[in-house]
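Participant: Please read through the structure below; I'll follow up with questions.
The values are calculated or read from the model by the stated rules, or taken from the named source; none is laboratory data. Please read these numbers as outputs of a predicted model, since none were measured by experiment. A quick note on method: Cβ atoms are made from the backbone with ideal geometry, for glycine too, and the neighbour counts reach across all protein chains shown.
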Amino acid sequence: MTLAGDTVLLAGFDFGSTTSRAMAAHARLSLNCVTGRMEFTQPELCYRSEACFTPFRDDQQLDIEAIGALLDSWLDAITPDRDSIFSGGAIVTGLAARQDNATALTEAVESRIGAAVVATARDPMLESWLAFMGGCAELSRHHTNTGVLNLDIGGGTTNAALGMNGQVMAAGCHSIGARHFQFGGDGTTLISLSPFGKALCDHIGLSLVPGDTVSGQDIERITHWYVRALEDIAQGSRASFSSACGALHEDCPFTPSLPSSTLLTFSGGVGEMIYATLNGQDLPPRALYGDLGVDLARGIMASPLLSRDLHRAVPANQGRATVYGLTMHSTDISGATVFHSDKIGLPLRDLPILGTFDMQTPVSRLNNLLTIARRHPAGVCLRLASDTPPNLATIRATGEHIATALEEARLPPELPLIILTDHNIGHTLGSYITRWGTLPVNLMVLDEVPVRDARFVRIGLPHNIVFPVSFYGMS
């Protein structure tokens, strides 16, 4: 059996517009004395790669062969036994996620360690959440009842997340990043610009094409628009995104109700440069990365609004916030009283979360959800919500309602049906749903799983009697 105190190996892989990183940690499975849930504690980093340039081919598509070699080198450094990885995550972000072959990258990860790690591309709200949890969760808990707004600025996107007391309250994503304009070795010759960069040039009246020498004045005009847009994001305003150009840059609107007291922090590659400069390091030349990262960092530090908290609120991990979030926060742990039929085949990937029901949901509504489930032969997930722990009579009645709905919907007996609940009722509820094993249903009830606002779930191989559960497609 898995008991509190067991140690597991976690891993994270972040493939961004500019750089890629890997991280691994050993963590203990512990029982939270307040919530009663299993969680990861006492993480000890056992591997942290250097940042390396994300491999691209000459046609700007991801170089999957080179990425595969990079993955193998990381995994060999992490552990000689890949099956020993309990859970973790891999994510493709920014401009890398927009390439036609981004899915091939996630497949490269899954072909190596797919039983343990969830791999996803182009999941902007998850990126925002991970960067906050990896960089600002502890800072937010320390500043009780104060909002913390983190802007994770990389090569392709700025991922905003507002949190309080260690929990993310709102998130957004904008296509503001360093690599929409890429330069040659002299730092001034434009070698490529993204569709977003082209739209911005049109908006501010610049005519730039690859091969042009970009003047310092033109770079300042581009950076000024980016910084002004970041200032609007930091104030919960959409003013910069009201034009056609602005709307193009707004992937997921960020319109939170900002607390009266809010600390502003930065992460990602640009954030890392900002805090390194505050620690006495010089900003590198633009030619080092061949993009506008240095200019964005300089513009942020020159903005009274954006620089207001740089000296009093420094996030952890900074440039590694996302990969740390992937390693430590991309996975939740089920309770130990899980119900699952013998036919459930793990791991289960890409299961859509069709909807939420509660203990009072009528059979007709459950029937509707299960009828939709019939269209997903690979399996589906439903979330059972309950504000308070139910008593045995309520669990029995709910189980009977679900059993009746299963019969009426004629759910194929081989279709995996996953029910998530945050209360310690998994085995009991599953027994009532299956009428103590007499109803043919391929059922799994995972209990003590925190509620996540997501569209997909992945369930990994168990560590004795607890299961890793990962959410993505956050909204």
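Participant: For the list (1) hydroxyl-bearing (Ser, Thr, Tyr); (2) touching a Pro at 6+ places or on another chain (Cβ under 8 Å); (3) without any contact (Cβ under 8 Å) to a residue 12 or more places away in the chain, I need the number of the one condition that residue 192 fails.
Facilitator: Against the list (1) hydroxyl-bearing (Ser, Thr, Tyr); (2) touching a Pro at 6+ places or on another chain (Cβ under 8 Å); (3) without any contact (Cβ under 8 Å) to a residue 12 or more places away in the chain, residue 192 comes up short only on (3).
Participant: For residues in the range 237-277 being more than 17 Å from residue 292 (Cα to Cα) and acidic (Asp, Glu), which is farthest from the chain's Cα centre (by Cα)?
Facilitator: Per the stated criteria, the residue is 250.
Participant: If you don't mind, another one. Could you check the range 114-149 and list, in sequence order, the residues that are among the hydrophobic types (A, V, I, L, M, F, W, C), modelled with pLDDT of 90 or more and closer than 17 Å to residue 22 by Cβ?
Facilitator: Answer for the range 114-149, where residues must be among the hydrophobic types (A, V, I, L, M, F, W, C), modelled with pLDDT of 90 or more and closer than 17 Å to residue 22 by Cβ: 130, 131.
Participant: How about the range 263-374: which helices (runs of 4 or more DSSP H) wholly inside it have at least 3 residues that are closer than 22 Å to residue 402 by Cβ, assigned by TED's automatic domain parsing to the domain that holds residue 432 and out of contact with any Leu (no Cβ under 8 Å at 6 or more places or on another chain)?
Facilitator: Once the helices (runs of 4 or more DSSP H) in the range 263-374 are filtered for at least 3 residues that are closer than 22 Å to residue 402 by Cβ, assigned by TED's automatic domain parsing to the domain that holds residue 432 and out of contact with any Leu (no Cβ under 8 Å at 6 or more places or on another chain), what remains is 363-373.
Participant: For the range 427-475, which strands (runs of 3 or more DSSP E) that fit wholly inside it have 3 or more residues that are within 28 Å of residue 123 (Cβ to Cβ) and of a type in the set (Lys, Arg)?
Facilitator: Numbers: elements: 442-446, 456-459, 468-472.
In the range 427-475, no matching strands (runs of 3 or more DSSP E) lie anywhere.
Participant: What are the residue pairs meeting all of these: first residue in the range 318-329, first residue under 17 Å from residue 116 (Cα atoms), second residue in a helix (DSSP H, G or I) and of a type in the set (A, V, I, L, M), Cβ atoms under 8 Å, and 6 or more apart or on different chains?
Facilitator: Qualifying pairs under 8 Å: 325/130; 325/131; 325/133; 326/130; 328/133; 329/130; 329/133; 329/137.
Residue by residue, here is whether (1) crowded, with 24+ Cβ neighbours inside 10 Å; (2) among the aliphatic types (A, V, I, L, M); (3) in contact with a Lys or Arg (Cβ under 8 Å, 6 or more places away or on another chain); (4) outside any helix (DSSP H, G or I) holds:
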| residue | (1), (2), (3), (4) |
| --- | --- |
| 108 | no, yes, no, no |
| 129 | yes, no, no, no |
| 139 | no, yes, no, no |
| 145 | no, no, no, yes |
| 150 | yes, no, no, yes |
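Participant: Mind listing whichever residues of the range 433-455 are closer than 18 Å to residue 385 by Cα and not hydrophobic (A, V, I, L, M, F, W, C)?
Facilitator: 447, 448, 450, 452, 453, 455
Participant: Which number in (1) modelled with pLDDT of 95 or more; (2) charged (D, E, K, R); (3) touching a helix residue (DSSP H, G or I) at 6+ places or on another chain (Cβ under 6 Å) marks the one condition that residue 65 misses?
Facilitator: (3) is the only condition that residue 65 fails.
Participant: Looking at the range 152-199 only, could you name the residues that are buried (at least 24 other Cβ atoms within 10 Å of the Cβ), more than 16 Å from the chain's Cα centre (by Cα), part of a loop (DSSP other than H, G, I, E, B) and of a type in the set (Gly, Ala, Ser)?
Facilitator: 155, 177
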